[in-house]
Every structure is written in C-alpha cells, then in structure tokens.
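Below is one structure, written out as structure tokens; comments come after it.
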Amino acid sequence: MALMRITSPHAHGPMSTSKVMLNVLLATIPGIVVLTHFFGFGTIVNILWGSVVALACEALALKLRRRPLGFYLKDYSALVTATLLCVALPPYSPWWLIAVGIASAILLAKHLYGGLGYNPFNPAMVGYVVLLISFPIQMTAWAPPRGVGELPGLMQALQACFTPAAFDGATMATPLDLLKQNNSLLVKDLWRQSPQFGRWAGIGWEWANLAFLAGGAWLLYRRIFTWHAPLAMLAGLALMAALFNDGGSSASGGSPLFHLLSGATMFGAFFIVTDPVTSAVSVRGRLIYGAMIGILVYIIRVRGNYPDAVAFAVLIMNFAAPFIDYYTQPRTYGHQRGEGEK
Amino acid sequence: MRKVFDFHGGIHPPENKYQSVRTPIADAGIPPQLIIPLSQHIGAPAVPVVAAGDTVLKGQLIAEPKGFVSVPLHAPTSGTIVAIEERQIAHPSGYQAPCIVIASDFNDEWIPHSGTRDYRNLDKAQLIERIRAAGIAGMGGAGFPTAAKLSVREGVKIDTLVINGTECEPYITADDILMRERATQIVAGTLILQQLIEPSATLIGVEDNKPEGLAALRSAAEGTAVEIVEFPTKYPSGGEKQLIEILTGKQVPSGGLPADVGVICQNVATAVAVYDAVVLGRPLISRITTVTGEAVAQPQNFEVLLGTPMSYLLALAGYQPQKNRRLIMGGPMMGFTLPSPDVPIVKTTNCLLAPTEIELPTPTPAQACIRCGMCAQACPASLLPQQMFWFAQGKEFEKLENHNLFDCIECGACSWVCPSNIPLVQYYRASKAEILQLRRDNEKSEQARIRFEARQERLAAADAEKEAKRAARKKAAEERALQAAADGGEEDPIQAAIERAKAKKAAQVAGAADENELEKLEKAVVTTRKRLETASGKLEQAKTEGSDLVAALQTGVDKTRAKLNAAENALHDYQLANSDAPMENAAPTDAAQAAIERAMAARSAEAALSPSEKARAQLEKLQVRLEKSRAKLAESRDSGAEEKIIEALESTVERLSEKIAAAEQELQATEGA
C-alpha cells in the first residue's frame, strides 16, 4: 500500500465545530428551564417549531446551493440559530411569526451571504429585528410571569402556536417597558405599584438572566469563547447605568443591577455577543466590540423606541466588526507595536 | 531560581512520549548499505572526494563542504563506495538527490583520529574549525551548519548561550533520553560552546515534563557555570524564538537572528556532537533517533549510523507496515511524510513516527471557518490565522504580508485547535511559496526593464554621438570651403584632389606594390572568412536561444559573406591580372570557397530537414557541447583552477543542461505533433 503524503500537522485537537455548536445548545438549557418555569411552555414550543423550520430552510438552501446536506446539517448551526431566536421571541408566538423569523435568519441573513462563516450579521438577531419591525404588536406581547397571571398549560401553548386565532392569552408590559413608559412615578413607587417587579428586576427575568449567566459561565469554562466580549458588554452596560442612575427619580434609566438582570442582557452577552462569525476577533477588538454593544444597549433601552435593545446594538456593532479588526491587529512576535497598522 | 517568561498562545497536545523512553538507547548496528545524501539540510550540498570503488574507513572524509554554509560528510562505517548516484531522500517533496552509497565491510574500522581534553588551549578559530571539520549541523530540526551559526559577526556581543533541551513536539524523546543518559557529555559540550562564545549566562532550557533528564543535567552541571532552567510544558516552547522569549523575555526581531538580541541557541544533541568532535576527535556519523507510533511493536530510541535506511531501523523496532499508512519524519506537529521507508537517516532525523489510522486519523473534510478565533489564541507568533486564511483563499498577498505571514513558524498550533479542521498551515505554506515566486518574477522583470532602458540609453547616446560627428564634419567642410573662398579661389579643390590621387598612384608604383597588394588581398580573404565563421556561430547560438537578435545577425552574416565573395573575386582578378603569380595561391581560395560551399550545403540541408529532425540535430549538438563543458569543468576542478572559473563553468553546464531539457521537450512536442 502506498504511503499517504500529506502535510503537517498530522495531529488534531479534540474540538470540532459541531461540538462547539452542541455546547452552545446545551448551555441554553438552564435559561430555557427558568423561562418555562416562569412563563410556561411557550418558549419550548417556540424552539421545537423553530427548529423544524430552521432545518427545513437550511436543507432547502443547501439543496439550492448544491451542497451536501448531511455534511452541513451535522454542524448544528441551524439549530443554534433557531434556539437563540426562539428564546428571544415572546412565548406563545403564532407559528407564522416564528416561521417568518427563522426563514429571514437562515435564508436571508445566512445563506444569501454564503452560509455558515460568511454572514456579516448575526442571523438570529436579523430574524428578530425583521419581526420586531414588521409585527410590533405580536413582538411586544409578553406573557405575565408565574404568580402575576395565569400560566397556560402545554396544550394551550401548542394551540397558541398552531391555531393562534383560538388562543386568548393574557399579555403584560415587561419591566423594561414599564420603566420606559413611566414619567410620573419615582422608581420606588413604580416598583410597589407594578406586580411584574421582583427582587432586583422583573419577576422571572432576573432568574432567567442568572440562568443564562450560568450557562455562559459553563461555556467559558469549556473554553468555547473567551471572556473578553461578554464581560466588556456587561461592564459597558453597567457603567452607563451607573453613570446615569439618578437614584430613582421618575426619569431614572434604572440601576445597573436592574439592567444587568433585565430583558436579554445575559442571554445577549453570552449567546449573541459571543457569536464568533459576526464579532471582532482580536482580544482588543473583542473588548471594544463588547463594550460598545453594552453602551448601545443602554442608550437604545433608555432613549429608543423599542422595549429591548440587544438586537439593534449587536447588528450595529456587526457593521463595525471588520473596522475594529482592522485597527486592533495584535502585535506579532518580533514586531514593534503599531508597525502592522498600515 | 531564574525567572522564566511566557509566550503568547501555545497548545497542549497529548505528549505520547512515555512509549519510547521505557528502554535505554539501543545500538542500531551496521546496516549492509549506507546511503549518505550530499545535501541533508540548509546550506550548499557537499562535494564528493571519493569515487566508486574506493575503500573508506569509518570517519573518513567522503565529501567536502562547498562554501561557508555547508558541512563535510564522513563515512559512518568502513567499507567500499558502491556508487555516487541519485537516490530518493527524506524530503517533503520526495525528490531524488545525489548520494554516496557505501557497502559496509562490517569491520567498523576507524580512521586514526584524536581529540583533545585540553580544548581550553585552543583558540576560537581552531575550535570552530574542528566543529566545521566534524560536519556538525544543528540536530534539532532545520540543521543549520553549526560552525556558521557559531561564527558571530564582528562587534556582535552574545550575552546568553541557550542550549535547547525542550523537545516540545509530541512523541519525540531523542533529546529526553540523551539528557537522561548522556548529561555529562551535554554539559561538557556546552562548556566548549561557552568557551567559544563567552556569554555572561549559559542556560539549558528543559520543559518540566522531563524530570529524569532535568535531574541528570542538574547533577552533571553541578559546580559549572551552566544553569539548568525548568519551565512549564507547552507546545511549541522548543521553537528557537519561543525558547528565547521564555528564557530571556526578549523577542527576536522579525526577519532577524537570535544574535540580534544577544542570544545563540543550540540543541542538546548538537552540544554532544561538539563534545565528540573536540574532545574525542570524532566526526558526526551517528545520531539518536526515536522510532515510535502504534505501528511499531517496540517503540524506542536508537543510536543509528547516518545513512542507515529507515526500513532497516523500523525493522529493528518491529515495524508492522500493514498497520501504517503514513510514515512521518519528525513529530506529528511539524514532521513531514516520507515517500517510502527506504530513504536514509540524515543528520536531522530525530524521529520516525509510524502511527496507526486510529492514532492519527486521516483528516476529515474542512468545515466552514466560523472565525471562533481559537487559532489566534493558540498562535505563538500572535498572528491572526483566521484573517490570513481569508486572505490566502482570496490570494490577497499584500494583505497577507501586512498580517505578517512571514512570521509564521508553521508550528501547526492553529490547525490543531481549528474546530472546523481547516489545514491552515498548508494555506500559509502555499501562500509563502507563491509570494516568494512572485518576488523572484518581479525581480527578473525589473532587471529586464533596467537592461532594456540601459540599452535604449546606449543606442540613443551612440546616435547622438554620430549626429555630433556628422555636424562637426559638415562644419569643418564648410569652414574649409569658406577658407578656400577666402584664399582667393585660385586653387580648385577638385584639382587638388586629382593631384592627391596622382601622387598616391605614383607612390604605389614606386613601392613594391605587387606583392603588398597580393598579401593584402589574401589577408582580406582570410580575415573576412574568419569573421563569417564567428558571425555564423553567433547566429546559430542566437537561433538556439531563440534570441530576438536572429534577424540582425542574419543580415550581418549575409553582408560578411558578400564581402568575402568580393574579397575573393578581387584576389582572383588580381591573380589573373598578374599571370606570373604562383598557382598555389589558388589553393587557399579554393579551400575558403569549399568551406563556404560546405556551410551553404549544411544550411540548405538544415532547411530541408523536418522539424523533428532539426530538433534532434539541435539536441545532439547541445549534448556534444555539454560533454565538452563537463570535461572542461572536471579538468579545471582537477587542476584546481580558480573558484570563479569553476563557478562559471558550472553555470555553463547548468545552462546547457537546461537547454537540453528544453530541446528534449521540443523534440517530444514536434514528434508528438
């Protein structure tokens, strides 16, 4: 038998792209469990239906692009996109809303640009923003958390998804909404008046954020990504909240802790900002990228017109990532700092 | 404790070193045949000083270095030179190269040799000469000739001598076992190098995964000025640049040498080779090679004679070829695959790795790059491999160079960590090669441009000169005319000319004009013939080279031929006119005529030839020329002619060989057509 002739290195490490994606999927479980506990089965139904649509879209795109189906479906990237988008959608979303969002994410944001690795924008966030702009009513209809309203059961959740006309679920403003709409009450009074607020932020939200933080910490421990971008984002957001926190007047933007544990903060920091494809790559670049997202999240949350801001902040910084990379090349061994930046 | 530094990146692949250090170094013995490549590493190939049929003793010089960055070769055992011929060698491209083949006589009889324990009495030049004469080249990897590396330029101060016992590459244990078993020789060799370089610090750097080797070195170095430095295991800390950063905290400037930061780095095995050369007087004829991998039954280290076929060594370790699909020289990170197990061990063969398919699986197809940046975290040169991968795919060479592609040491850490299994190093290697090729091409076309411009300038200058002369002549003539007019016009210029001519004729008649005239005519014929010959030769050469001067030369030849005809006619006429002229004068003319006719016949014959016949004739001519040049080269080598002349002859031979190759191709093409 002829000897094989290939070039070095001949050994390969244990990591694979499929494993990276699987790890990310596993790390979302704590957050999904907490969301389900506080808001019912809506999120899980979202994810299951979203995954089916995502795999179908991925397969369609691969077929149209004449790529081998098995090889590319095995990388689990479509499932990750579906899971991330469906976690971000309000529970009990109708089937068509999810389908439109997933199709935008997989077909528009990913495969039109050349598939995995070539997309300049985070597909899940593109899908989210398409829906937010197109269907603002459905997208801002969050269910009341456990203890505040009645939680629908599994059957009702399925009904909400597939026969939305027959489903009559209660919806409620989120804590972030409440704080933004408020212009007459001190934060302390608002807190007392609204049943949605919990210990540090919204009921359910605070625990969901902590659960996503736990999942992110596990990914950090597994070295799936580095700490730079997520921690920079959290620091940027907390810093902005601390700077503009006036102690609780009616015009207050909210405390740093409130912002860290509200909305999609932790989910965004550890599952969206860390998307390697669309973020900056150098260490310094990731610090800048993350911090800028944190700052933008605060500005859009407090000054913007939308209830949450992670998706917009991430998309804006996706634009900037190549620019940041260009100016943050690390100093190569044996070079003086700055000489590479021509 | 000396402070050790860290370098950026690095990885921790499975070490797999324990398999091959369970038994002591084994002697591989004498194989029936040894194959010694003339070129084993960086630097010019050596030149054989023996011929087929010669008997040699162990340690006898068999090839001399050629130039500064080159080392001699010695017979690894006693025996007979069987051949000096092309053999397949251990090279990534698997090509063949000239080798000296020795049939062992199994007596292993040494040539008289002696070293000196009192090397302290030797001066630096003598020490370097001994190292050079022993044929020592770096035994860690690239194999840079050691004497050249130790010859520090005037005015450069080396303050740290680093001896590299890191051996960070998985599987390889040749240095590890050397440190365990021969620590005394390592330290002794290090002390010789220390005397040579006079650094303020001498460090032997070893990774902390070799506790036995560290202990042996520490006890051997007790009481000397050699410091043993232990540092955490991480691949590729054994890379010269990385080791220097670990031990000194300094970085070798990009494109520079360790000497630029006051460091010289040598491998532990090189230190032992220096000890053997200086103290024992032994040239480098053997080395320690690890044979490992799951396709060998007894992984272990061998002391093996250089030139031993790898198949011989593999058999000693219980090689099971059916289990092995990929034979690697070196380690799994930077080693290269061998074309066949029959290539010989050379000075840089530190390891033979015969893995099974389960052990080192065939790479799976690459997935898309997700820009995860694990490669950038692993890169010991702080490059951005994922960006460079994009640029390499798009052949954006300028961007690649701006991202410091050429600082990549090809350690393979990026490929190892890549979750998408992209062969990154392969992209960088290919891009480097392409960029270097482009640079060479650019240089060539730049030179061509300069030559063309110079020629244009020269032609313009010649034209201008001509023009100036003509103007000057015109002016002079006008002045003369003016002068004449001024003189009163009494003297008619035509009349003057006639008178001058008359005077000339009278002088001719008065002298012994006849013989002179004949001689002159004859001479004219001979010189013109000579000129015709040279011109024809040049034309032929231009034709074979496909030069654009062919047309010009052709007209030159035609003109010269016309002149020759004219000269011959003149001679002939003269001879007829002087009927008493001797007849023998006709002979040379006839000879010349015959030569011309021969040339004409040859030309018309050539014209009549078919293209393939023409090409064959051309090829034969070239072969004759090559033979002649080769003979000349050999002759001048034997007679010890000047280096310059030999070089010139060598380049001629090379050029002719190239031309022959081209002609052969052409012949094939024409025959094919």
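Throughout, read-outs are computed from the coordinates displayed, never taken from laboratory work. Keep in mind it's a predicted model, so treat the numbers as computed, not measured. So basically every Cβ, Gly included, is an ideal-geometry build from the backbone, and we count neighbours across all protein chains shown.
With the simple model of a label 7 Å out from the Cα in the direction of the Cβ, B:LEU576 to A:SER134 spans 10.7 nm. Here the Karplus relation 6.51 cos²θ - 1.76 cosθ + 1.60, evaluated at θ = phi - 60°, turns the backbone of the stretch B:216-224 into coupling constants of 4, 5, 4, 6, 5, 8, 3, x, 10 Hz, with x for every Gly and Pro.
Which order do the peptides B:562-574, A:58-70, B:56-68 come out in when sorted by mean C-beta neighbours inside 10 angstrom, highest first? If you can, show how the numbers build up before the last one.
Details: B:562-574: 16.8, A:58-70: 13.2, B:56-68: 18.6.
Descending packing order for the listed peptides: B:56-68, B:562-574, A:58-70.
Note: relative contact order over chain B, using C-alpha pairs below 8 Å and six or more positions apart, is 12 percent. Taking A:ALA242, A:ALA166, A:ALA78 as the candidate residues, the one with maximal mean-square fluctuation in a Gaussian network model of chain A, Cα springs under 10 Å, is A:ALA166.
Full extension of the chain segment joining B:ASP108 with B:ARG153 gains 12.2 nm, where the gain is 0.36 nm per residue of separation less the Cα-Cα distance.
Summing Lys, Arg as +1 and Asp, Glu as -1, what charge do residues with Cβ under 14 Å from the Cβ of B:TYR427 carry, B:TYR427 excluded? Here the count lands on +1. Translational diffusion of the stretch A:16-172 was estimated from the Stokes-Einstein equation, with Rh taken as the Kirkwood radius over Cα pairs; at 10 °C and 1.306 mPa s the coefficient is 100 µm²/s. Legend: calculated FRET efficiency, B:ALA551 to B:ILE645, from the Cβ-Cβ distance at R0 = 35 Å, rounded to 0.05, equals 0.55. Rounded to 0.05, the FRET efficiency of the B:THR362 and B:ARG439 pair, given R0 = 45 Å and the Cβ-Cβ distance, is 0.85.
In this structure, the amide hydrogen of B:CYS351, modeled 1.01 Å from its nitrogen in the peptide plane, lies closer than 5 angstrom to those of B:THR290, B:GLY330, counting only residues at least 5 positions away or on a different chain. The three principal axes of the C-alpha atoms in the stretch B:285-423 carry coordinate ranges of 48, 33, 23 Å, sorted with the longest axis first.
Under 5 Å between amide hydrogens, which residues at least 5 positions from B:VAL82 or on another chain qualify, with H placed 1.01 Å from N in the peptide plane? The list, which skips near neighbours in sequence, is B:GLY53, B:VAL101, B:ILE102, B:ALA103.
Do the sum for chain B: with -39,500 (n - 2.57) for every DSSP H run of n ≥ 4, divided by all residues, what is the mean residue ellipticity at 222 nm, to the nearest 500 deg cm²/dmol? Write out the running numbers ahead of the final one.
Numbers: 19 runs with 321 residues, N = 673.
Calculated from helices alone, the mean residue ellipticity at 222 nm is -16000 deg cm²/dmol.
Were the residues from B:THR116 through B:ILE498 laid out at 0.36 nm apart, the gain over their Cα-Cα distance would be 128.1 nm. Calculation over all alpha carbon pairs of the stretch B:611-672 in 5 angstrom steps from 0 returns a P(r) of 4, 19, 23, 18, 12, 10, 7, 4, 2, 0 percent. For the stretch A:173-325, what D do you get in µm² per second when you plug the Kirkwood radius from alpha-carbon pairs into Stokes-Einstein at 10 °C and 1.306 mPa s? Value of D from the Cα-based Kirkwood radius: 102 µm²/s. Pairs exceeding a 27 Å alpha-carbon distance, out of B:LYS149/B:LYS395; B:LYS523/B:LYS614; B:LYS17/B:LYS66; A:LYS19/A:LYS63: B:LYS149/B:LYS395; B:LYS523/B:LYS614; B:LYS17/B:LYS66. When the Gaussian network model of chain A links Cα atoms closer than 10 Å, the mean-square fluctuations of A:GLN196, A:GLN329, A:GLN156 top out at A:GLN329. Of all beta bridges that DSSP places with both ends in chain B, some 60 percent have antiparallel geometry. Axis of helix B:513-545 versus longest Cα principal axis of chain B: the two differ by about 30°, to the nearest ten degrees.
Restricting things to Cα coordinates, could you compute the convex hull volume per residue of the stretch B:366-471 in Å³? Write down the numbers at each step before the final one.
Numbers: hull volume 10.8 nm³, N = 106.
Cα-based convex hull of the stretch B:366-471, divided per residue, equals 102 Å³.
What translational diffusion coefficient, to the nearest whole µm²/s, does the stretch B:18-337 have by Stokes-Einstein, given a Kirkwood radius computed over alpha-carbon pairs, a temperature of 25 °C and 0.890 mPa s viscosity?
Numbers: Rh = 20.2 Å.
D = 122 µm²/s.
Per the Kirkwood formula on distinct C-alpha pairs, the Rh of the protein assembly as shown is how many angstrom? Mind showing how you got there, number by number?
Details: mean 1/r = 0.0276 Å⁻¹.
About 36.2 Å for the protein assembly as shown.
In this simple spin-label approximation, A:PHE162 and B:LYS66 carry label points 7 Å from Cα along the Cα→Cβ vector, and these lie 8.1 nm apart. A simple spin-label model places pseudo-atoms 7 Å from Cα toward Cβ; at B:ASN402 and A:LEU60 they are separated by 4.0 nm. Here the alpha carbons of the stretch A:247-342 define both size measures, Rg and Dmax, at 16.1, 56 Å. Summing charges over neighbours of A:GLY40, with a neighbour being any other residue whose Cβ is under 15 Å away from its Cβ, gives -1 when K and R count +1 and D and E count -1. With the convex hull drawn around the C-alpha atoms of chain B, the volume per residue stands at 280 Å³. Residue-normalised convex hull volume from the C-alpha trace of chain A: 167 Å³ per residue.
Suppose a student asked you for the relative contact order of the stretch B:319-392, using Cα pairs under 8 Å spaced at least 6 residues apart; what percent would you report?
Details: 63 pairs, mean separation 18.9, N = 74.
Answer for the stretch B:319-392 is 26 percent.
Between B:VAL71, B:ALA433, B:VAL525, the Cα set farthest toward the positive side of the dipole of chain B (charges on each charged residue's Cβ, about the Cα centre) is that of B:ALA433. Within the set of other residues whose C-beta is less than 14 Å from the C-beta of B:ALA567, count the net charge using Lys and Arg as +1 and Asp and Glu as -1. Result for the neighbourhood of B:ALA567: +3. What angle, in degrees between 0 and 90 and rounded to the nearest 10, separates the Cα long axis of helix A:123-134 from the longest principal axis of the Cα atoms of chain A? Helix A:123-134 sits at roughly 40 degrees to that axis. Ordered by the number of other Cβ atoms lying within 10 Å of each residue's own Cβ, fewest first, A:TYR333, A:TYR118, A:TYR72 fall into the sequence A:TYR118, A:TYR72, A:TYR333.
Round to the nearest 0.05 the FRET efficiency obtained for B:ASP54 and B:ASP342 when R0 = 22 Å and r is the Cβ-Cβ distance. List each step's numbers first, then the result.
Values: r = 24 Å, r/R0 = 1.09.
My answer for the efficiency is 0.40.
For the stretch A:146-212, the direction-averaged projected area of the alpha-carbon convex hull comes to 5.9 nm². The value of relative contact order for the stretch A:16-172, using C-alpha pairs under 8 Å at least six residues apart, is 28 percent. Residue-wise HN-Hα couplings along the stretch B:299-307, as the Karplus relation 6.51 cos²θ - 1.76 cosθ + 1.60 with θ = phi - 60° gives them from phi, are x, 6, 9, 10, 8, 10, 5, 4, x Hz; Gly and Pro carry x. Each residue of the stretch A:269-279 was assigned a 3J(HN,Hα) from its phi angle through the Karplus curve 6.51 cos²θ - 1.76 cosθ + 1.60 (θ = phi - 60°); the sequence is 4, 9, 10, 10, 4, 7, 4, x, 4, 9, 9 Hz, with glycine and proline shown as x. Each part gets one Cα centre, and for the stretch B:327-371 versus the stretch B:61-89 those centres are 27 Å apart.
Put simply, the amide H of B:ALA26, placed in the peptide plane, has neighbours under 5 Å in B:ASN301, B:PHE302, B:GLU303, leaving out anything fewer than 5 places away on its chain.
Please give the contour-minus-distance gain from A:ALA2 to A:GLU150: 0.36 nm per residue of separation, less the Cα-Cα distance, rounded to one decimal in nm. Intermediate results must be reported in sequence, preceding the final value.
Working: separation 148, 0.36 × 148 = 53.28 nm, distance 7.09 nm.
In short, 46.2 nm is gained.
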